[in-house]
Amino acid sequence: MPPGRGTNRDGPLPWDRVLEAFTAAVERPAEDRRKWLLELQDLDQGVRDEVLSLLDAHDRAGGFLDPGEIQKFAREAITKLRLRRSR
């Protein structure tokens, strides 16, 4: 069975890596993002797919979301998720 959203072949996605790649990609010109992600050798396919999905949603939103605010929100969400898992 193929992995579902938020997972890869090895289990849950490393969301800190998703955040890192998304933040770096969104700082690049929109026309260069996909190529840049595809060229990253150390990026798991599940992470790459998730980042591409997030970039697509970001672009459809019209760019009204500030990357700094997205990063702040994502870090808070990751922290909360980790706290829940550690209980």
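The values are calculated or read from the model by the stated rules, or taken from the named source; none is laboratory data. Computed from a predicted model, the values in this text were never measured in an experiment. Neighbour counts run over all protein chains shown; Cβ positions are idealised from the backbone, glycine included.
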Item to check | Cβ pairs under 9 Å, 6+ apart, first in region 15-41 and within 16 Å of Ala57 (Cβ to Cβ) and in contact (Cβ under 8 Å) with a residue 12 or more places away in the chain, second assigned to a helix (DSSP H, G or I) and of a type in the set (Phe, Trp, Tyr) | outcome: Ala25/Trp36
Checklist entry - Has region 44-62 got at least one residue that is under 11 Å from the mean Cα position of the chain (by Cα), over 15 Å from Leu13 (Cβ atoms) and either at pLDDT below 80 or assigned to a loop (DSSP other than H, G, I, E, B) (or both)? => result no
Item to check | Count of region 63-87 residues which are over 14 Å from the mean Cα position of the chain (by Cα), within 24 Å of Pro12 (Cα to Cα) and either β-branched (Val, Ile, Thr) or surrounded by 12 or more Cβ atoms within 10 Å (Cβ to Cβ) (or both) | outcome: 2
